[in-house]
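Structure record follows, encoded as structure tokens.
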Amino acid sequence: MKLPALHWQIAIALVAAVASGWWLGDVSAFLTFCDFAGKIFLNGLKMLVVPLVLSAMIGGIGNLTESSSIGRYGLRTLAFYLGTGTVAILTGLLMVNLLHPGIVDGKPAGPLLGLDADSAKVMDSVRDKGAGDMLAVVVRLVPDNVIAAAASGDMLGLVTFGFLFGYFVSQLPKELHKTQRDFWLGIYEIMIRIAKVVMAFAPIGVLGLVAPIIAKTGWSAFEPLAMFCVAVLGALATHMLITLPLVLKLVARVSPIKHFRAMSPALLTAFSTSSSAASLPSTLESLEERAGVPRRITGFVLPIGANVNTDGTALYECAAAMFIAQAYGLPLDLPTQFTIVLAALLTSIGVAGIPSASLVAITLILSAIGLPLEGVGLILAVDRVLDMCRTAVNVFGDSCATVLVARLEGEDGVHGEKALPGRAKS
């Protein structure tokens, strides 16, 4: 008998968690099982973080310049992705600060959500991570001991190391480059397979993490989760319907409406599959056949986007970390929020293409700022629907970058428009 798709298994587990938590209540044996299952699942996610992020970064960036050096295409593409990614994260940050989904009736929602960790202890942990000093956050980008940084959960330095290592792998002579690239891509493929095994237990993890919340707090936990969904969806809509169309209109000088129409097949594919990789053929076809972008540009920009551009995911990671921090009642000062923004930007690049990348990235961000990981279980309850939406935003961002690069390179006929003045190809 063929099992249903994983997201359906998680949905069934969520229903089972609500039903069992409500029916069994605080039966000790049941809560003991849930605690065991939840911890095993969270430990599995934590086990993946260091090797998965490092291999993804080094393998992806090391392979970036194999067939073509980073010239104008690459610099413009990376500038667009980093710029729009930062704007997306700040949009999510603003929306969560405006709506305060982690605050209910003026109080932290932690007790309603069944978060057991003591807020004072959590705050001490955040201080231990150096979030109280902006300069300390920057210093943590350059660790004195990479292994110690990974062991202590100080992932910002590890991410920096991964970027530097990957870049200089791309600069090695041909034979050494191939050896290093193949080695790290091999580790990445192994970690992908381990990630699939861990995620196969996600339904049990959902049961173990969500059922005790219902058992302890009843239905009151759904109010902050609903507000969290509103905040994320509002931020995603702002980025997709306002920020990116403004870039198309003001910089690329093409009609955003034309672009939405051209990309509609790819966006529907991305939304239904929750996979940027699965929608890549449709994205290529839409850009080349419906938007008029040359293949030499789509073939360069889109593969980079698959490894770098995850505006929707970065926005979601930031919002999730802020939501959990609010639920603990932490005073989110500027350095702490800066840490979250920076970690979201770097990790969204480092885990692009990884199954359930957001869960791995959120785990990493929470570790970076010293927050307990039990809040990840709350995100699983609403992750599927939000995953569909943020994947569509990721794909739309890739398509906007491709159109922008084509226009800046003086291509004629993109969306039926003549080349930009002063940029027409001779």
Can you name the number of the only condition in (1) under 28 Å from GLY21 (Cα atoms); (2) within 21 Å of the chain's Cα centre (by Cα); (3) surrounded by 18 or more Cβ atoms within 10 Å (Cβ to Cβ) that LEU158 fails?
-> (1)
Are any residues in the range 187-214 open to solvent by 30 Å² or more (accessible area, probe 1.4 Å) and assigned to a helix (DSSP H, G or I), and if so, which ones?
-> ILE187, TYR188, GLU189, ILE190, ARG193, ILE194, LYS196, VAL197, ALA200, ILE204, LEU207
If we scan the range 9-25, do we find a residue that is modelled with pLDDT of 80 or more, open to solvent by less than 40 Å² (accessible area, probe 1.4 Å), touching a Pro at 6+ places or on another chain (Cβ under 8 Å) and assigned to a helix (DSSP H, G or I)?
-> yes
Write out, first by first residue and then by second, each pair whose Cβ atoms fall under 7 Å of each other, whose residues are 6+ apart or on separate chains, and whose first residue, in the range 403-426, is within 19 Å of GLY299 (Cα to Cα) and open to solvent by 30 Å² or more (accessible area, probe 1.4 Å) while the second is modelled with pLDDT under 85 and in a helix (DSSP H, G or I).
-> LEU408/ARG76
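The values are calculated or read from the model by the stated rules, or taken from the named source; none is laboratory data. Here the structure is a predicted model, which is why all the values come from computation and not from measurement. Glycine also receives a Cβ, built like all others from the backbone with ideal geometry; neighbour counts cover every protein chain displayed. Areas reflect the complete protein model, heavy atoms only, side chains present, ligands, DNA and RNA absent. Shrake-Rupley method; radii C 1.70, N 1.55, O 1.52, S 1.80 Å.
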